[in-house]
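K.L.:
Supplied in structure tokens, the structure appears directly below.
None of the figures in this text is laboratory data; all of them are computed from the coordinates on show. Predicted model only: the values in this text are computed from it and were never measured. Cβ coordinates were reconstructed from backbone atoms using ideal geometry, including for glycine residues, and neighbour counts include every protein chain displayed.
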Amino acid sequence: MTNESMAHTDEVSRLAMVADTFAEAFPMTAARVLVTADTHAWAMTAAGTMTGYATSVISCDAEAGIERELAAGETPDGRPGVSVLVFAFSRDALEKAVSNRVGQCVMTCPTTACYNGLPVGEKTISVGGRLRYFGDGWQVSKQIGGRRYWRIPVMDGEFLCEETFGTVKGVAGGNLIVMGTDPAATLEAAESAVAAMRQCPEVILPFPGGIARSGSKVGSKYKSLRASTNTAFAPTLRGVVGTEMPAEARCAYEIVIDGLNLEAVERATAAGLRAAAEPEKSIVQVTAGNYGGNLGPFHIRLREVLERYLAPV
């Protein structure tokens, strides 16, 4: 068998493992925050702290994650940096979340500065413009190229933060659910999917390590809860409630994808599918969560995106 025919056979096997369904995603407002510091280590410390407790807007003020590390030549001040994406349901909520997180987690971190990473149009949020008051009247502004920056005195010198950040209407809630016969192998497959998806630009995977073990469904028997455990994918409840797990599956992991646009989420979905649905692994099926199209307007059809983006991203 030639390499080409083997590759075709693998692709056919992979497609058969992917459920003929769609992931249902919804719009959220997004910002890109560029954090720089004297070293990559301090930039990553600030970005990691800033993106803590930001897995799901079910309970968090925002969904946030590290998009990628930035080389010195890619940042506004020529220092090492990190790109962070933050998502919320409205610009007001996003402004509050970003300014609070930058103020508490970036401004407090040694040597850091903070810049806007999206085009500035009509739909913006104030970040440095809100944080400047921490300077207690000693803050100073400077306008460069039509963009205003605030210099706020702190204990190691000054914290520089751009005043206004651009926003876009992003896509949140894209997802994959990886199911397998062996829990350890299923987790390994989900980790492979995460590694592949993190190579894709303009997306984040907001859950710990990119993976959620406690996938949720909308609503609960308890009226005070907006969401509760996704019983259809809980193996211990099989036989008690309706299940969407194949009979041989013993474990499921969910990967949630937020992106700056629909194409970015689709490309990441295809990359994750290709990495998780490897014929030689003990994966039974890769599927996605949806509510019949009633939750969000974006329907990411798994088999279609896998075929559309044939080459690894």
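K.L.:
Within 9 Å, Cβ to Cβ, of Ser141, how many net charges do the neighbouring residues add up to if Lys/Arg are +1 and Asp/Glu are -1? It would help to have the intermediate numbers written out before the result.
P.N.:
Numbers: positive: Arg132, Lys142, Arg148, Arg151; negative: Glu163.
Overall, the nearby charge balance is +3.
K.L.:
Given Lys217/Lys281; Lys96/Lys123; Lys96/Lys142; Lys169/Lys281, which pairs have Cα atoms separated by over 26 Å?
P.N.:
Correct reply: Lys217/Lys281; Lys169/Lys281.
K.L.:
Order these by the 10 Å Cβ neighbour count, fewest first: Cys114, Cys200, Cys60. Let's see the in-between values first.
P.N.:
On the way: Cys114 30, Cys200 24, Cys60 15.
By the 10 Å Cβ count, ascending, the order reads Cys60, Cys200, Cys114.
K.L.:
Which distance in nm do the two modelled labels at Arg91 and Glu307 give, with both placed 7 Å along the Cα-to-Cβ direction?
P.N.:
The two pseudo-label positions are separated by 4.0 nm.
K.L.:
Where Lys and Arg each count +1 and Asp and Glu each count -1, what net charge lies around Ala72 among other residues with Cβ under 13 Å from its Cβ?
P.N.:
Computed value for this residue: -3.
K.L.:
Here's another thing I want to ask about it. Taking R0 as 41 Å, what FRET efficiency do you get between Glu158 and Arg226 from their Cβ-Cβ distance, rounded to the nearest 0.05?
P.N.:
E(calc), rounded to 0.05, equals 0.50.
K.L.:
Let me ask something else. Percent relative contact order of the chain, based on C-alpha pairs within less than 8 angstrom and at least six residues apart?
P.N.:
Worked out over the chain, it gives 24 percent.
K.L.:
Follow-up. Taking the Cα atoms of the range 179-279, report the difference between the largest and smallest coordinate on each principal axis, in whole Å and largest first.
P.N.:
Answer, in whole Å and largest first: 40, 35, 20 Å.
K.L.:
Given R₀ = 51 Å, what would the calculated FRET efficiency be for Leu295 paired with Gln143, taking r from the Cβ atoms and rounding to 0.05?
P.N.:
Here the calculated transfer efficiency is 0.75.
K.L.:
Determine the equivalent ellipsoid of the chain by diagonalising the alpha-carbon gyration tensor, then write out the semi-axes as square roots of 5 times the eigenvalues, largest first, rounded to whole Å.
P.N.:
Values for the chain, descending: 39, 22, 16 Å.
K.L.:
Is there a quick way to get the dipole size of the chain? I mean about its Cα centre, with the Cβ of Lys and Arg at +1 and of Asp and Glu at -1; what is the value in debye to the nearest 20?
P.N.:
In total the dipole reaches around 940 debye.
K.L.:
Next up: Could you let me know the centre-to-centre spacing of the range 86-135 and the range 164-208, using Cα atoms, in angstrom?
P.N.:
A separation of 25 Å, based on Cα centres.
K.L.:
Sticking with this structure for a sec: Show that you can apply the helix-only estimate: for the chain, add -39,500 (n - 2.57) for every DSSP H stretch of four or more residues, divide by all residues, and state [θ] at 222 nm to the nearest 500.
P.N.:
Helix contribution divided over all residues of the chain: -7500 deg cm²/dmol.
K.L.:
Among Phe159, Phe89, what is the fewest-to-most ranking by other Cβ atoms within 10 Å? Each step should come with its number before you reach the end.
P.N.:
Working: Phe159 27, Phe89 15.
Result, fewest neighbours first: Phe89, Phe159.
K.L.:
Treating the beta-carbon of each Lys and Arg as +1 and of each Asp and Glu as -1, no other charges, what is the dipole magnitude of the range 125-191 about its Cα centre, to the nearest 20 debye?
P.N.:
Rounded to the nearest 20 debye, it is 640 debye.
K.L.:
Moving to a separate point now. Out of Leu85, Ser141, Thr45, whose Cα points farthest toward the positive end of the dipole of the range 29-168 (charges: +1 Lys, Arg; -1 Asp, Glu; placed on Cβ)?
P.N.:
Going by the charge dipole, the pick is Ser141.
K.L.:
Here's another thing I want to ask about it. Give me the dipole magnitude in Debye, nearest 20, for the range 29-168 about the Cα centre, with unit charges on the beta carbon: positive for Lys and Arg, negative for Asp and Glu.
P.N.:
For this selection, approximately 260 debye.
K.L.:
Would you please state the base-10 log of I(q)/I(0) at q = 0.14, 0.22 1/Å for the range 29-168, with intensities from the Debye formula using one equal scatterer on every alpha carbon?
P.N.:
Reported log10 I(q)/I(0), two decimals: -0.56, -1.45.
K.L.:
What is the gain in length, in nm to one decimal, between Glu263 and Thr243 on full extension, counting 0.36 nm per residue of separation less the C-alpha to C-alpha distance?
P.N.:
4.1 nm
K.L.:
So how much slack lies between Thr49 and Phe26, counting 0.36 nm per residue of separation and subtracting their Cα-Cα distance, in nm?
P.N.:
This chain segment gains 5.7 nm when fully extended.
K.L.:
Note down the net charge around Lys96, summing +1 for each Lys or Arg and -1 for each Asp or Glu among other residues with Cβ under 11 Å from its Cβ. Could the numbers behind the result be given before it?
P.N.:
Numbers: positive: Arg91, Arg101, Arg130; negative: Asp61, Asp92, Glu95.
Net local charge, Lys96 excluded: 0.
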